[in-house]
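Here is the structure we will look at.
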Amino acid sequence: MNYFKKILRFAGPYRKYGLLNILFNILYSIFNVLSIIIFIPTLGILFGTQEKVETAPVYEGMGNLKEYLENSLNHFLTVKVDDEGPLAALVFICITSIVIFLLKNLFRYAAMYVLAYLRTGMVKDIQDDLYHKTLNLPLGYFSEARKGDLLARMTADVKEVENSIINSLEALAREPITIVIVLISMLAISAQLTLFVFIFLPIAGFLISIVGKKLKSQSLEAQKETGIFLSFVEETLGSLKIIKGFNAEGRFSKKFTDSTQRFKKIMTAVLQRKGLASPFSEFLGVTVVITVLWYGGSLVFGEQSPLTPQEFMGYIGLFYTIINPVKAITTVNYNIKKGNASAERIFEVLETENPITDVPNAQVKSDFNQDIAINGISFKYEDDYVLENFNLQVKKGHTVALVGQSGSGKSTLANLVTRFYDVDKGEILIDGTNIKDITKKSLRELMGLVTQDSILFNDSVKKNIGLGKESATDEEIIAAAKVANAHDFILDLPDGYDTNIGDSGNKLSGGQKQRLSIARAVLKNPPIMILDEATSALDTESEKLVQEALEKMMQNRTSIVIAHRLSTIQNADTIVVLSKGKIIEQGTHEELMKSKKGYRKLVEMQNLG
């Protein structure tokens, strides 16, 4: 029930709809009971056993309310029968019954109508919170979490919570009210018979509860398995070229079918256990009803019994009315256990703490004036340090290039400067201020990022470039595209700047995608530019165009360039050579070529000497 209570907090903004639902359910329950009670005098008229009351009763307070209402109805029917005959009284009761049934169903619909706002609102808020949390989580979280599992939590788990828990809110709002009102009516008809009935209900409830003990754990396993095979789907769609190229379809198919087989086995057990609830509870209910018929019949046949035959028939009708709410509450128990497993997975994401947060009173920094100082930083992803006691200064207006073998810590340094990760030791300062004391938003406003993988979105060229500046005009977007050497190829596209570039920009070549990424960074116009191997995946012709665009973009800016192709960074003010997280040498291209150490070896390996 812990996660059920947590889910309920999403109902807070829609409290008024919940209160209206309760009000309409109370009215529905009252008219539901009246729709059965109204048939008691009908049976009395038909069988000629209706009690005659010649004198109008007098109201003597709440203690006498039941007798007053009964006698008032009987007095009215007595007068009706005497004046107009039994058929007229029967017609009156039939018309009254129709009105009561109309109101009963009207209030039932009204209850469901207002509940729809609460239900859809809660689902929307849960999905919104999950998405906002996903955007807020640090990059380190996604190096461990499966994307498919996150998708499963945002779709399948939210749907399960909606079907199991939010649906249960309706039952929890309506069924207890119905039970209470029906129970009061049953007690009013025969307290003795009602007490006898409720000896059996706790026993039936206990027997039913035994069935669902393992339901939550099985449901949790099922949702985890959903995340696994959704991850397979996501990986497959993103890697079809490699899978087909290596004839690996069979292996991936087997991994997927193994996962779906495990899911099938788990869900079979869950559905079989859940399916047992309804027939089992129905059998117990029928057993109780037959017992009630036997005991109630013996009371009616008793010589001194206050229970009339028509009242007993009405009582049986009320008892049948109470069975469904009791069964529904039993089903709620199953559903909440099943939904709790999904709610647990949702709150695992929502309650994940983000270690990279703004400190209280963090500074909003809007300009860059001096330098970036990296002082004695150490950082590790897991056990081994990627950077250790690392020092570097990047002066304003200078271009600093980072080179070295894979795994030397180049990209890690870029991730630390942008504060995608926090350093374990040491500090990174911008204009003398620790970046941990600057708001993340304003820190990243100072920086433009162009990565090796051109990350574009399934939208128009204009929207992809415009991501760099929310209120950008068409003229600004075109100017940025020209700087990035992208304007000419954009004009050749079918719809120019309004052309949709497809999923991840797959309608464009690698060089075209990279130039759009550069245009996006140019439009942002940040004082600091971080280029993470921006040309490593390009052919020679594309590299030349992109390199020209990069050089134009880096003019009058502070740039940190992570380079794989050393030909692209020969004009850098400082080239820093890294190996295993440490600086082995630094200087200009000419200085490092003379040193005949690490940098020169790297250049010679690329046949550029």
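The values are calculated or read from the model by the stated rules, or taken from the named source; none is laboratory data. As the structure is a computational prediction, the values presented were derived from the model and not from experiment. FYI the Cβ positions are ideal-geometry reconstructions off the backbone, even for glycines, and counts take in every protein chain you see.
Please specify each residue of region 321-355 satisfying the condition of being at pLDDT below 85 and of a type in the set (Val, Ile, Thr).
Thr321, Ile322, Ile323, Val326, Ile329, Thr330, Thr331, Val332, Ile336
Quickly run through region 559-584 and pick out the residues that are in a strand (DSSP E or B) and among the basic types (Lys, Arg).
Across region 559-584, the qualifying residue is only Lys582.
From the set of residues in region 431-468 that are hydrophobic (A, V, I, L, M, F, W, C) and within 19 Å of Asn415 (Cα to Cα), which is surrounded by the most Cβ atoms within 10 Å (Cβ to Cβ)?
Val450
Condition first: more than 30 Å from Ile26 (Cα to Cα) and among the charged types (D, E, K, R). Now tell me which residues in region 104-160 satisfy that.
Of everything in region 104-160, those that are more than 30 Å from Ile26 (Cα to Cα) and among the charged types (D, E, K, R) turn out to be Asp128, Asp129, Lys133, Glu144, Arg146, Lys147, Asp149, Arg153, Asp157.
Which members of region 547-569 meet the condition of being modelled with pLDDT under 80 and not aliphatic (A, V, I, L, M)?
Residues satisfying the conditions are Gln547, Glu548, Glu551, Lys552, Gln555, Asn556, His564, Arg565, Ser567, Thr568.
Let's see how each residue does on (1) over 19 Å from Asn361 (Cα atoms); (2) not in a loop (DSSP other than H, G, I, E, B):
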{"site": "Leu416", "(1), (2)": "yes, yes"}
{"site": "Arg419", "(1), (2)": "no, no"}
{"site": "Gly426", "(1), (2)": "yes, yes"}
{"site": "Lys441", "(1), (2)": "no, yes"}
{"site": "Gly448", "(1), (2)": "yes, yes"}
{"site": "Asp453", "(1), (2)": "yes, no"}
{"site": "Leu456", "(1), (2)": "yes, no"}
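Is it fair to say Pro306 is surrounded by fewer than 16 Cβ atoms within 10 Å (Cβ to Cβ), touching a residue at least 24 places away in the same chain (Cβ under 8 Å) and assigned by TED's automatic domain parsing to the domain that holds Phe39?
Spelling it out, Pro306 is indeed surrounded by fewer than 16 Cβ atoms within 10 Å (Cβ to Cβ), touching a residue at least 24 places away in the same chain (Cβ under 8 Å) and assigned by TED's automatic domain parsing to the domain that holds Phe39.
Please find, within region 357-375, the residue that is surrounded by the fewest Cβ atoms within 10 Å (Cβ to Cβ) out of those that are touching a helix residue (DSSP H, G or I) at 6+ places or on another chain (Cβ under 7 Å) and in a loop (DSSP other than H, G, I, E, B).
So, considering only residues that are touching a helix residue (DSSP H, G or I) at 6+ places or on another chain (Cβ under 7 Å) and in a loop (DSSP other than H, G, I, E, B), the one surrounded by the fewest Cβ atoms within 10 Å (Cβ to Cβ) is Ser366.
With the condition kept exactly as written, say whether any residue in region 304-313 is modelled with pLDDT under 80, part of a helix (DSSP H, G or I) and under 24 Å from Arg153 (Cα atoms).
Looking through region 304-313, none of the residues is modelled with pLDDT under 80, part of a helix (DSSP H, G or I) and under 24 Å from Arg153 (Cα atoms).
Give the number of residues within region 463-478 that are over 29 Å from the mean Cα position of the chain (by Cα), touching a residue at least 40 places away in the same chain (Cβ under 8 Å) and in a helix (DSSP H, G or I).
Final tally of qualifying residues: 3.
This table checks each residue for (1) at pLDDT below 70; (2) hydrophobic (A, V, I, L, M, F, W, C); (3) outside any loop (DSSP other than H, G, I, E, B).
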position: Leu183; (1), (2), (3): no, yes, yes
position: Gly205; (1), (2), (3): yes, no, yes
position: Lys213; (1), (2), (3): yes, no, no
position: Thr236; (1), (2), (3): no, no, yes
position: Ile242; (1), (2), (3): yes, yes, yes
position: Met267; (1), (2), (3): no, yes, yes
position: Ser278; (1), (2), (3): yes, no, yes
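Of everything in region 479-519, what is closer than 30 Å to Ile430 by Cα and in contact (Cβ under 8 Å) with a residue 60 or more places away in the chain? Give them in sequence order.
Across region 479-519, the qualifying residues are Val483, Ala484, Gln514, Leu516, Ser517, Ile518.
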